[in-house]
Structure formats: structure tokens, C-alpha cells
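The next block holds one structure in the form of C-alpha cells; read it before the comments.
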Amino acid sequence: MRTTFGTGLHWLILAVALVFPASAFAAPDQDEETPETPSAEDTTVDDEKREWYFRFDAFEQYRFRYSTAPVVDDTITRMNPDDVGDPGSETDHDLRLMLSGTLSESEDHFLADVAMGLWADVDGKYPDGDHSGFASPYDESQTYGIPLWIDLYTLYAEYHSRDLFALGRGGRQVSEHGPLVSFDGGAVELALSRPFLDVFAFGGRSVHFFEIDAELFEDWLASGGFVIRPIRELRIELDYRFEKEDLTPIDSADDREAIIDHSYGVAAWYRYEHLLYFKGYFRGINDAPALAGGAASAVWFEQEVGFDVKVDAQIVTLREINEKEDPFYAVLGQSLPHIKLNADLWKAFTTKAGTYTIHGGWGGRLLTADDATDFNRDYGRAYLWLQAVDIGMTGPFAGIVGEFHYTHKSADLNSENLFSIGGSAGWELDPLKVEAGTYYQRFKYDYYVDVKEIESVRTYFGEVVYRPFDWLSAGLRYEFEVFDRKVHTVMLTLTQRY
């Protein structure tokens, strides 16, 4: 089983090699308004004044889960009847560790970044063939003789300048242009005509987290494009991307299937002061249009009113559920053409007795072809959300939301319309925060070894967070989920920020 530890060590060596030797010989950046070249004495002084800054965050968590046996005769989780099993009641103990850090210098030329996560399944993996509501890919990994999963999210070093060579980055990173994708490789950006025109290129080995038994060099990508700024408020991006993905065959004796995609897109962002924001994009894959959408938001601060609107359309059927490039999850199955729409209108009232906000909105997913299936739902949700902060005094807060859920197309699936209520209340005043509440999910997805769709999940929760110091906080959270079974979850968390 592959983990990212070996690759992470390689990139750590690269990051150190790129950052420290380069910083020892780097000259200070010229100020754009002062064209004179600094003298040797000035350079020496600036080098002596250059300082390095290090930020480090750590997150540790213990999680305990207990699940009652599912109600098999009235099961909500949709599974293949041949695979349905009754695991009975279950318990699960997990440890999580998240680490992240950034090293930068005062001249803002050099930066190194790292983020990683570790999971330890304390009570071990479930036997092969057993059905479990708590199974995950972490159970498959064995590191140092214990069930331990290690993921490296980012580990890179980069160089910035105000000259032609605007950016150079190497290591494990997330793309800044086009759809998000994690990859091991390099990225370069050149300012051909600052600030009007930039050209960029990146490429390397694409990374898919939670992918089981991935080969080291099976997936590759390369991308290039332009960033155009005709005016200060407008940014236009054009990009092309080549991707080669190897898919694991159902029968391990078969050869891996290689999928090669050529995608291209254009996106534009426009911002008018702090009042209006617009975004639009279009993307094609090979010889077909694939994705299009846009967003708009506006805020009038004096009137304390605003709105947000977003539309995303998938024009063609994709082989995977539009998650191939997602940095965390990959869901098997086809994604049918659909449109997703979300709209939210809000108004706030600031008074001496607190701040009160009203949200009204609608969201939905509408299939444009074919009938609804699992993971290809057709639904709508209208809501009214009331919030209150510092009610009568500093500290108390509360919120309540009413939602109406309905289905556009049923295709013999559960299509009942229903109304739900959720909300929470609590107190937040340093160093203590206490909150309790409930919320409802019409559909919930578990991205584990067996991808599952769960319907009508009601969750009750309570949480206490205590921060004795600016750099340290401790939290205790309890959740109680009700669907075809009852699941209790307790999480004890420590967070440090240095």
C-alpha cells in the first residue's frame, strides 16, 4: 500500500535546498518607484536586516464512535442487495494529527509551506469481507506495524519577484489556475507586461488522496495559459491542460486503462470596489463543452444588505462524478448533466442589544437529461435563516433555520417533500465558547472504501471550546446522528498556533 511519506521526504529535501541556499545569495528586490540600482553597501545592509518568519499549527484529535445495528428492513443507505450485511452494533477509536507550517522572509521573496495529516486506527482494521459502517481506506495502511495512514497535502518552496520571473515553485502543491488539482512538480509564472499580462505553466505527477494501490508514476498533467488584466478591476484567465490518468481495472489481471483528456477554459473576475463581485467561466473537455457557470455578489454596508447568486452547469456526462481533480475525494460512477443553483438574500440589523440577520434563499440541483439515480439527485431546498449575535449583552448567540426540501424527478427513488427545522444557541466570550444545536441533511455521502449515499440524516450536537492562551485551545464535541441507525460520536481536540 502506497503512502506519501517517501515522496514527502524527497520534497522536504528539495524545499530546504531551494529556500536556504537561495536566500543566502538573494539580492534585495528593487522598489518599482525607485529605479536606482542599490549599491553593494545597501545590499549588505538589507541582507543583514532580512528576517525569517515561521508559523506552525498543530491539530490533535481523538475520536470515538458507536453505532447501533442498522434497521435492515427499513434501510435508508442504498447498497447492492447482494452486498447488504448486518454488522450489528459497532465501535471505533481513531487518532488524528494535522500539521502545517510556513517559512517566509521579510522581503517576501522566499516561502516554504508544508501541510500533512496522520490517522491511526487504534482498534485496528475490520476483517476482510466484514461489513462496517466505519470502514475507511485508513484501515488498509500499515506503517511501523500499526494501522497508520499518512497524507502529505503540500510541501513546496517558492520564489517571488516584481521582475519578469514573477513566481517559481517546486514540490507538492495545489494549482492556482484552472480547476483545483494537487500535483508533485513545478510551476512558473512570468510577468510579460506588468500588470497587464502574465503567462504561467505547471505540471508533474497528479495526486489523488484516498486512492488505494496507486502506482507512483501512473497519473500526469501539464498546463499553461495567460492572465490578462485590461483594467485594474478585471482579470481574465485562459488555460489549457493535458491529463493522463490510469484507471485500476476491475479484474487485477487486466491492463490498466489510460484516459487522456485535453481540457481548456476561460474564466473572468470583476470586482467594483467593495460593493460588487462577478465571476464567469467556461470549460471544454476534448471536443465537447463540459462546464460553465458564474457567480455574483453585492454588499451595501451602510444599509447592511446583500445577496449572493451562483450557477454551475455540467453540460455532458462525465466518467467520474466531477471529482477527479478534487484534492481529497474521488467518487466512482457517472455524473449526469445537471445545473446547480444557489441564491441567498440577507439583511442585518445592528442595535445596542445585538446584531440580528435574516437570510432567505433557495438552492437546487436540476438534472437536464436522464432520470435521477443515486449520486445523481434532482432536488430543491428553500430556507429562511434567522441569526442573532450578542443578544442583550456580549456573548450569547442563537440561530434557527426552516427548510423545505422537495424533489423534481423521482425515477422510483424516494421523492417525498418534507419540512425541517434546525438551529443552535450558545455563548462565546473569550476564553470560552459553548454551543448546542441540531441540523438536517437530506442527503449525506460517505467517501470511504464503499461509497454510500445516506438519506434524511438528523444530527444533534454539543460543543465546548476553551482557549486558555492565544496559542492553545481545547475542544470537546458530541454528535448524535439518526438515520437507519443511531451513531454517537465524541471528539476531543487540541489546537496549537505558533
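The values are calculated or read from the model by the stated rules, or taken from the named source; none is laboratory data. Since the structure is predicted, the reported quantities are computational estimates derived from the model, not experimental observations. Every residue, glycine as well, gets a Cβ built from its backbone with ideal geometry; the counts of neighbours run over all protein chains shown. Just the protein is used for accessible areas: all its heavy atoms, side chains included, with ligands, DNA and RNA removed. Shrake-Rupley method; radii C 1.70, N 1.55, O 1.52, S 1.80 Å.
Quick check on the range 446-469: of everything there that is at pLDDT 95 or above and charged (D, E, K, R), which residue is farthest from His405 (Cα to Cα)?
Among those residues, the one meeting the criterion is Arg467.
Any idea how many residues of the range 146-190 are open to solvent by less than 30 Å² (accessible area, probe 1.4 Å), within 20 Å of Tyr240 (Cβ to Cβ) and among the β-branched types (Val, Ile, Thr)?
Qualifying residue count for the region: 1.
Would you check which residues across the range 355-372 are in contact with a strand residue (DSSP E or B) (Cβ under 9 Å, 6 or more places away or on another chain) and either part of a loop (DSSP other than H, G, I, E, B) or under 30 Å from Leu318 (Cβ atoms) (or both) and list them?
Residues satisfying the conditions are Gly361, Trp362, Gly363, Gly364, Arg365, Leu366, Leu367, Thr368, Ala369, Asp370, Ala372.
Is there any pair linking a residue in the range 256-279 that is free of Cβ contacts under 8 Å to residues at least 12 places away in the same chain and over 19 Å from Gly178 (Cα atoms) to one that is assigned to a strand (DSSP E or B) and of a type outside the set (Val, Ile, Thr), with Cβ under 6 Å and at least six apart or on different chains, and which?
Glu257/Leu247
Taking the residues in the range 296-344 that are hydroxyl-bearing (Ser, Thr, Tyr) and at pLDDT below 85 as candidates, determine which candidate is nearest to the chain's Cα centre (by Cα).
Only one residue fits best here, namely Tyr329.
Among the residues of the range 345-373, count how many are on the phi > 0 side of the Ramachandran plot and at pLDDT 90 or above. Explain how you work it out, then say what you get.
The initial filter retains those residues of the range 345-373 that are on the phi > 0 side of the Ramachandran plot, namely 354, 370.
Subsequent filtering for residues that are at pLDDT 90 or above retains 354.
Final tally of qualifying residues: 1.
Identify the single condition in (1) assigned to a strand (DSSP E or B); (2) on the phi < 0 side of the Ramachandran plot; (3) surrounded by 15 or more Cβ atoms within 10 Å (Cβ to Cβ) that Asp484 does not satisfy, given that it satisfies every other one.
Asp484 satisfies all of (1) assigned to a strand (DSSP E or B); (2) on the phi < 0 side of the Ramachandran plot; (3) surrounded by 15 or more Cβ atoms within 10 Å (Cβ to Cβ) except (1).
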